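This report concerns only the one structure given below.
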Amino acid sequence: MSSIAQTSQQSRTATFLSLVKEAIFGSRQDFTAISINRAIILLAVPMVLEMAMEALFGIVDIFWVAHLGADATATVGMTEGMLVMVMAVAIGLSMGTTAVVARRTGERDKEGAAVSAVQAIMLGVACMVVIFSICFPFAPRFLALMGASQGILQVGSTYTRIMLSGSGIILMLFLINAIFRGVGDAAVAMRVLWLANFINLCLDPCFIMGLGPFPKLGVTGAAVSTSIGRSVGILFQLYLLWKGTGRLEIHRRHLRVNFAVMRNILRIAGNGVLQFSIATASWLAMVRLISSFGSAATAGYTVGIRIVVFSILPSWGLGGAAATLVGQNLGAKQPDRAETSVWRAAFFNMVYLGLLSVVFLVFAPKLVGIFSHDPAVVGYGSSFLRIVCLCYVLYAYGMVIVQAFNGAGDTRTPTIINLFCFWIVQLPLAFWLSRGVHMGPRGAFFASLTTQVLLALIAIYVFRQGWWKRKVV
């Protein structure tokens, strides 16, 4: 019996590894027809790796820039803070694009998917022009408004000008990858970021340090190498779209303006931008509140957030898979399969986050200790991880369901949920617990815990009503 069980286990392992390999190299499966578990893995694996590559962009830049001193490092941090609004537009447009393209794909309307893709790209180009025209002349002034010292302005003005005026490149990279994800080509989106990140990885030390024939540009070199890497990624995306990936083919006849499709994308994207902006502004307000308790509390919270963001990448991949499956299955007139896909992805997420919560509860001090040896910072960071992870089993459902709403084209519902949970509940509760009850930063941490539980419960309740199934996209 043990031999049979061992053989069976080896067979399942081989099947899983084969599935992961297919996910990485690209699949031509019909995600509205194959088993839901298989579809989730084929979509989620490359999405996780894609987001890991995006996270690596920032890590590589800050690694090399940190060698240049405090002013250079502060320049990067301040500029990233200003890039938040561009990211809000990029993510919002991506939500609208994925929802529309996935719906047309599920309807087997390749022509409609191609038209939607072209209109999304046109919208992205228009945004690029607006961003460049505003940021190129005024970027140094924006940096000064962020409170930059004279030293930072002297070192980092050119870096900020390049990053802000060229941030439309980031928007386009997100947007076109959203097209690939919508048609089910998640592996293509992953490979694009692999290429862009590899170029950035090679060029960063060359331009920053002046290696070989490259000019020594200091912190400006980080902006140059990142922009080059992302730009090559966009050229590769456009080449693949024109060449055709099998799931999506764009021809000359599609290169015309269609205002009806544009309005449809913008209608969904508008709420998507607001949804992300609400969550981001709430996070900034939380940082401001916690910073009032001193640098150790702020540092502990910052380290804790970074650990959380990196560790839940698989969760975002599962949520992205759910969004694509919802859009395609609704387009294929299979609403029940769309709902089942969400519950299945959420269950997988619950298993993962449940295990992660055990890791945080047991090893929180050691994890935070990787980033800081200050006992106060380790104490605050550990408290944050241990408190917030208590909601993970339930929140696992909430985060997948919210992305499922977006995949259905219903970006309004998550926006309302975010507004209520983050601004009506979290911020007042965080202030009351930390200040009124004198719990300090840990009061804010418990407010985050309460908010995530509430968000999950509301999302589950609304999702079960089924309104999202009737959303016209």
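The values are calculated or read from the model by the stated rules, or taken from the named source; none is laboratory data. Quick caveat: nothing in here was measured; it's all calculated off a predicted structure. With ideal geometry, Cβ positions are generated from the backbone for all residues, glycine too; neighbour counts draw on all protein chains shown.
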Is there any pair linking a residue in the stretch 102-114 that is under 20 Å from L175 (Cα atoms) to one that is acidic (D, E), with Cβ under 9 Å and at least six apart or on different chains, and which? R103/D109; R104/E111; K110/E249; A113/E107; A114/E249
Here are the criteria: (1) small (G, A, S); (2) under 24 Å from the mean Cα position of the chain (by Cα); (3) modelled with pLDDT of 90 or more; (4) under 30 Å from L419 (Cα atoms). Tell me which single one A260 does not satisfy. (2)
Those residues that are of a type outside the set (G, A, S), without any contact (Cβ under 8 Å) to a residue 12 or more places away in the chain and either touching a strand residue (DSSP E or B) at 6+ places or on another chain (Cβ under 6 Å) or more than 22 Å from F384 (Cα to Cα) (or both), I need them from the stretch 257-307; list them, please. F259, R263
Based on this model, can you work out whether A321 counts as under 18 Å from the mean Cα position of the chain (by Cα), farther than 24 Å from L390 by Cα and in the same structural domain as L449 (by TED's automatic domain parsing)? yes
Take the conditions modelled with pLDDT of 95 or more, in the same structural domain as I208 (by TED's automatic domain parsing) and buried (at least 24 other Cβ atoms within 10 Å of the Cβ) and apply them to A120. Does it pass? yes
So the check is Cβ under 9 Å with 6+ separation or different chains; which pairs have a first residue in the stretch 15-38 that's loosely packed, with under 13 Cβ neighbours inside 10 Å and a second one that's at pLDDT below 85 and charged (D, E, K, R)? R28/R247
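Conditions tested, residue by residue: (1) in a helix (DSSP H, G or I); (2) in contact with a Phe, Trp or Tyr (Cβ under 8 Å, 6 or more places away or on another chain); (3) closer than 27 Å to L274 by Cβ.
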position: I387; (1), (2), (3): yes, yes, no
position: C391; (1), (2), (3): yes, no, yes
position: L394; (1), (2), (3): yes, no, yes
position: F405; (1), (2), (3): yes, yes, yes
position: I416; (1), (2), (3): yes, no, yes
position: C421; (1), (2), (3): yes, no, yes
position: Q426; (1), (2), (3): yes, no, yes
position: A430; (1), (2), (3): yes, no, yes
position: H438; (1), (2), (3): no, no, no
Odd one out for Q237, checked against (1) assigned by TED's automatic domain parsing to the domain that holds V188; (2) surrounded by fewer than 20 Cβ atoms within 10 Å (Cβ to Cβ): (2)
Any residue at all in the stretch 123-145 that's in contact with an Asp or Glu (Cβ under 9 Å, 6 or more places away or on another chain) and in a helix (DSSP H, G or I)? no
